[in-house]
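Each value in this text was obtained by applying a stated rule to the coordinates, not by laboratory testing. These numbers were taken from a predicted model, which means no experiment stands behind them. In this analysis, Cβ positions are derived from the backbone assuming ideal geometry, glycine residues included, and neighbour counts consider all displayed protein chains.
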Amino acid sequence: MRSREDVLEILEAALRHSRADQTEVVVWNRELQLTRFANSAIHQNLAESNTQVRVRVALGKRLGHAVTNRTEAAEVAQAVDRAIALARLVEPNKEFVSLPAPAPLPEVRAFFAATAASEPESRADVVARVAGIAQKGNCEAAGSLSVSVDVLGVGSSLGIRAYQPVTQAQFTMIVTDSDASGFAQAVSRDLSKLDCSAAAETALRKCLDSRRPANLTPGEYAVVLEPAAMGELILFLAYLGFGATVVQEDRSFLCGRFGTQVMSEQVSIWDDGLDARGLPLAFDFEGMPKRRVDLIERGVARGVVYDSYSAHKEKKTSTGHALPAPNTWGPIPTNLFMATGASSLREMIEGTERGVLVTRFHYVNPIHEKRTDVTGMTRDGTFLIEAGRIARPLRNLRFTQSIVEALSGVDLLGSEAEVVGECTVPAVKLRRFRFSS
Amino acid sequence: MRDLVRLAVDHALERGATYADARAITREVETLEVKNGAVAGAASETESGIGVRVIARGAWGFAATADLDRAAIERAVETALRIARAGARASAGEVELAAAPAARASWKSQFQVDPFQVPLDEKVRVLLEADRLAHSLPEVKVSMASMRFQREHKFFASSEGSDLEQERLESGGQLSVTAASAEELQERSYPSALDGFHAARGYEVIREINLPAAAEKTAKQAVDLLTAKPCPSGEMPILIEGSQMALQIHESCGHPTELDRVFGAETSYAGTSFLTPDKLGHFRYGSEKVNLVADATAPGGLGTFGYDDEGVAAQKTDLVREGIFRGYLSSRETAQRLGQASGGTMRAEAWNHIPLVRMTNVNLEPGDWSLEEMIEDVGKGLYLETTRSWSIDDQRLNFQFATQAAWEIEDGSLGALVRNATYQGVTPDFWGSCDAVGNAKTWRLWGVVNCAKGEPVQLMHVGHGAAPTRFSRVRVGVLQHG
């Protein structure tokens with residue numbers, strides 16, 4: 001892991017070397033260790049390490065970018081020179097105003113030393129343990145256990161100096177039988193918070209309950225979406241609609257609808273990179289502090305997230321959601337939260353006369369971005385609910401559904417939120433969801 | 001770099017590895033993006049590093065380092081060995097590799113014009129001109145034109161005596177236009193969607209696709225789609241254009257024939273495959289018109305190379321012949337389980353990733369139909385063009401695609417433009433309904449630069465040769481709003 005001193009030295013050397021009007025340097029060091037298993041045994045086991053030095057320069061309104069993974073002073077200087085050479089040759093970008101000015105950065109605990117020190121022997125022991133859990137049910141285990149350390153440093157000629165190390169531990173488990181599978185996942189900044197055995201037990205139970213699945217006639221059904229399934233839809237909603245650039249370009253479902261009811265009043269969605277219940281992060285790739293942004297408040301469209309480029313277009317300030325430059329899609333929220341309700345998963349099932357319980361989705365993609373129409377499959381635990389109880393497992397189903405339309409029919413919200421990658425969401429019961437094949 | 005890979009392999013053997021290989025790579029990438037009249041991205045990227053793969057106590061270990069000094073490489077080797085020995089605690093037995101001859105060779109991709117020698121202002125001028133012409137209509141909200149060039153220099157050595165040097169060049173570009181109204185959003189891309197047309201060739205690719213020449217037509221189609229007829233709903237014959245066929249092949253033939261996936265290696269991410277070994281040699285995958293090959297030797301493809309990342313020579317092998325499932329994409333480890341030799345398809349995205357079984361150029365061989373003949377033969381159907389959306393299940397059976405544009409076929413002629421077109425099917429049924437494949441004149445080797453696989457996800461560049469292809473009865477118009 002690169003230290004603060006090491007990162008600042010790279011930043012300062014690059015900034016000293018640059019003769020551009022404005023210069024931004026991002027140092028992104030990633031160390032990943034991942035143990036992957038299938039058929040109840042480890043089959044891939046690796047350590048990856050890399051450091052990117054990303055340079056953005058402005059000569060007036062001419063922008064140039066360069067990236068290198070060499071961190072020696074001479075190599076970084078060459079990257080700065082390449083960025084300047086590119087900037088000299090391109091046309092001015094009339095909409096560029098300035099790189100962002102520094103802003104006070106919040107303190108966020110996102111680094112856990114014991115997590116960073118994880119060793120391959122302990123990961124192998126976890127795999128042996130969870131494989132044993134799957135074998136209790138005469139099933140096979142597949143999955144992965146990874147630990148990463150990301151160090152992000154940002155410096156600019158306008159005075160930004162930002163440094164943050166971040167750890168992340170993630171465990172994914174799929175238990176399989178001949179005609180069935182079950183899934184569970186856990187993710188945290190802190191490896192000690194992962195209960196891999198509990199996740200393995202959940203995946204096993206899902207798999208055993210999924211044996212001998214039946215077909216379901218396609219059509220509209222009430223659905224209970226577990227957090228992994230709901231989270232995937234929220235992430236697509238964010239990608240398709242919650243960034244300033246897609247709104248400015250008239251591509252978002254929110255265009256012309258701010259301040260109006262766009263979905264059920266039970267739905268509140270916001271982004272908050274500082275909330276320790278998710279996967280917190282203090283600042284973005286421009287070194288701008290993460291700010292909470294209310295996106296949907298009781299079903300009403302409230303706002304979107306900004307980077308400095310999209311913010312300047314509206315004479316606003318960045319909300320701390322820049323991705324690495326250059327980036328033509330614009331900012332995206334990556335610390336999403338969905339408000340919880342008062343129901344347990346069991347109560348949602350008991351309150352369903354006929355519907356489908358979905359553990360997770362697979363291979364979701366948008367088919368109409370502005371309508372938020374997406375398609376995908378269910379996977380690793382799909383069940384028919386009848387008369388308030390799980391009636392039988394189902395073969396996987398394809399859905400084709402507008403996310404906004406689905407969230408207009410929220411019936412119940414789960415009382416507990418789970419971290420599902422970049423969002424923290426509860427289980428949700430929706431009145432109508434269209435399974436197309 | 002040649003010395004470094006040999007150093008890594010020798011050090012691994014000294015420290016107890018029973019097998020080792022190492023790849024050292026330097027890569028140079030240039031990307032240029034023009035959006036709505038402005039240069040939104042002009043980036044130059046360089047990277048280098050070395051990845052070391054070992055077998056110790058019968059298990060795999062991998063580590064990589066960007067530090068190219070002796071001490072750092074030895075540390076990476078020792079990390080890989082420690083990981084392998086730790087993994088042996090929960091492995092399924094000793095890794096066995098199919099025999100492969102040691103290879104000592106060098107290989108270079110063929111090109112006419114080095115894109116890195118073409119002046120930057122010439123490239124930017126082409127993109128600005130294409131973007132300007134594409135943004136000529138008021139309904140156009142976003143126009144984008146882009147180019148990407150990559151040069152990779154790779155050294156490989158193995159403990160079995162392989163010593164390889166390869167240099168690959170890639171070039172590609174794209175134009176895309178997004179038009180919007182209050183409720184509609186339509187995008188048209190040229191020459192293809194996703195990230196555009198790419199090939200393992202030089203700047204001649206950019207000159208051939210001629211983005212400015214296609215800009216006005218592309219923009220007009222995007223705008224026309226806003227008010228076009230909705231896609232009909234039902235079952236009918238469909239004719240699919242080549243770039244969408246490339247993705248259809250990718251999802252429903254390429255991925256399910258990856259032998260690591262068949263053996264469960266991707267269960268935790270993208271899933272498994274319906275093409276299990278018991279089907280090999282007799283399962284009817286498609287109609288007798290369907291001939292699919294994996295061809296890493298095809299000139300200019302993104303899946304073209306001299307040797308794979310295990311040092312196995314590039315090959316052309318049958319996947320499907322006259323509709324019957326005949327073979328897999330394989331590695332030394334997976335092929336061994338079937339008693340076969342490796343198909344030579346192990347590739348890693350970069351120096352710091354492990355190689356996986358990847359598509360090379362998975363091509364649908366041309367048939368003998370002209371495009372006109374395929375249209376003339378249809379009473380009522382759809383002609384679908386350019387990928388918009390794609391999804392397929394974890395066995396690679398149930399798929400649904402959307403295309404950017406479609407046209408009705410009425411009584412043997414192309415008719416009205418159709419918006420929001422979708423089609424859905426199940427892989428063997430769908431390919432079983434293939435009744436015409438375009439001839440060699442309509443066939444093109446397309447490139448896909450975002451094939452995701454593995455954990456952590458690796459994005460691989462792969463090729464797909466395809467021609468317009470007709471299917472006799474397919475469900476279209478899923479979730480038709482109008």
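Some observations on this one:
- Computed over the stretch B:276-412, the P(r) curve from all C-alpha pair distances, binned at 5 Å from the origin, holds 2, 9, 12, 15, 19, 17, 11, 7, 4, 2, 1, 0 percent per bin.
- Expressed in Å, the radius of gyration and Dmax of the Cα atoms of the protein assembly as shown are 26.4, 73.
- Cross-link partners for A:LYS315 among the lysines, with Cα-Cα distance under 16 Å and sequence neighbours closer than 8 places in the same chain left out: A:LYS94.
- Centroid-to-centroid separation of the stretch A:264-316 and the stretch B:305-328 [C-alpha atoms, Å]: 48
- If you take all other residues with their beta carbon under 14 Å from the beta carbon of A:SER122, and give Lys and Arg +1 and Asp and Glu -1, the sum is +2.
- Coordinate range along principal axes, alpha carbons of chain A, Å, largest first: 70, 54, 34
- Whole-Å distance, taken between Cα centres, linking the stretch A:175-208 and the stretch A:115-134: 13
- Footprinting exposure proxy for B:SER287, B:SER273 (fewest neighbouring C-beta atoms within 10 Å first): B:SER287, B:SER273
- Most mobile listed residue (A:SER197, A:SER148, A:SER402) in chain A, GNM with C-alpha springs under 10 Å: A:SER197
- Counting Cβ atoms of other protein chains within 10 Å of each Cβ in A:67-77 and taking the mean gives 3.
- Shape call, the stretch A:354-437: gyration tensor on alpha carbons, a/c limit 1.5: rounded
- In the stretch B:59-209, Rg over Rh equals 1.17, where Rg is the alpha-carbon radius of gyration and Rh the Kirkwood radius from pairwise Cα distances.
- Between 0 and 90°, nearest 10: helix A:4-17 axis offset from chain A longest Cα axis: 50
- Debye intensity ratio in log₁₀ form over the Cα atoms of chain B, taken at each q of 0.07, 0.09, 0.12 Å⁻¹: -0.39, -0.64, -1.08
- Over the C-alpha trace of the stretch B:350-466, radius of gyration and Dmax come out as 16.8, 55 angstrom.
- Debye equation applied to the C-alpha atoms of the stretch B:230-476, log10 I(q)/I(0) at 0.07, 0.12, 0.16, 0.17 Å⁻¹: -0.22, -0.64, -1.11, -1.24
- Axial C-alpha extent at least 15 Å, average Kyte-Doolittle at least -1.0 - helices from chain B (DSSP): B:2-14, B:70-87, B:120-134, B:211-226
- Anisotropy class of the stretch A:56-103 from Cα gyration tensor, a/c 1.5 cut: oblate
- Per-residue Cβ neighbour rank within 10 angstrom, fewest leading, B:SER158, B:SER143, A:SER408: A:SER408, B:SER158, B:SER143
- Evaluated over the stretch A:215-437, the Cα radius of gyration and Dmax, each in Å: 17.5, 56
- Cα centroid of the stretch B:358-373 to Cα centroid of the stretch A:85-112, whole Å: 46
- Ordered by the number of other Cβ atoms lying within 10 Å of each residue's own Cβ, fewest first, A:ASP125, B:ASP260 fall into the sequence A:ASP125, B:ASP260.
- In this structure, the pairs whose alpha-carbon distance is over 20 Å, taken from B:LYS289/B:LYS441; B:LYS108/B:LYS154; B:LYS289/B:LYS380; A:LYS370/B:LYS141; A:LYS290/A:LYS370; B:LYS108/B:LYS453, are B:LYS289/B:LYS380; A:LYS290/A:LYS370; B:LYS108/B:LYS453.
- Sparse-neighbourhood loop sites, GluC sites (Glu not before Pro) in the stretch B:350-397 - DSSP loop, at most 14 other Cβ within 10 angstrom: none
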